[in-house]
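The next block holds one structure in the form of structure tokens; read it before the comments.
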Amino acid sequence: MKDKDFKKKVIEESLSFQNGTRLECELEICRKLDDNGDEFNSGYKINKVFNQYVGDAVTEMPSGKKRRQKAEMEKNQPSLFD
């Protein structure tokens, strides 16, 4: 878990988890080769958590807010070639 803001909220117990909780995140899958040359997943790393979904409720994380604001700025930025 590399997202310090999300980890802090979990440790402080300000976020709850229950059956059906989903995370929208940036996931890094680490892969290795075995002796036969076949690839297999050796680990997973969560780099950033953008949103937490519990049923219909959405909790936006700080990195999700930054991503949304960046997308809005890029959308509203006039193109140099228009």
Residue count, region 47-61, condition open to solvent by 50 Å² or more (accessible area, probe 1.4 Å) and touching a helix residue (DSSP H, G or I) at 6+ places or on another chain (Cβ under 6 Å), comes to 1
Looking only at region 32-44, which residues are within 30 Å of Ala71 (Cβ to Cβ) and open to solvent by 80 Å² or more (accessible area, probe 1.4 Å)? Tyr44
In region 18-47, anything part of a loop (DSSP other than H, G, I, E, B) and touching a residue at least 12 places away in the same chain (Cβ under 8 Å) is listed as Gln18, Gly20, Thr21
Which one is modelled with the lowest pLDDT, of the residues in region 1-27 that are hydrophobic (A, V, I, L, M, F, W, C) and surrounded by 10 or more Cβ atoms within 10 Å (Cβ to Cβ)? Phe17
Could we say that Lys75 is loosely packed, with under 10 Cβ neighbours inside 10 Å and in a helix (DSSP H, G or I) here? yes
Residues located in region 1-31, provided they are of a type in the set (D, E, K, R), touching an Asp or Glu at 6+ places or on another chain (Cβ under 9 Å) and within 19 Å of Arg68 (Cβ to Cβ): Asp3, Glu26
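The values are calculated or read from the model by the stated rules, or taken from the named source; none is laboratory data. For clarity, every value in this text was computed on a predicted model and none was experimentally measured. Positions of Cβ are backbone-derived with ideal geometry, glycine not excepted, and every protein chain shown enters the neighbour counts. When the accessible area is computed, the model is the full protein with side chains, heavy atoms only, and any ligands, DNA or RNA have been set aside. Shrake-Rupley method; radii C 1.70, N 1.55, O 1.52, S 1.80 Å.
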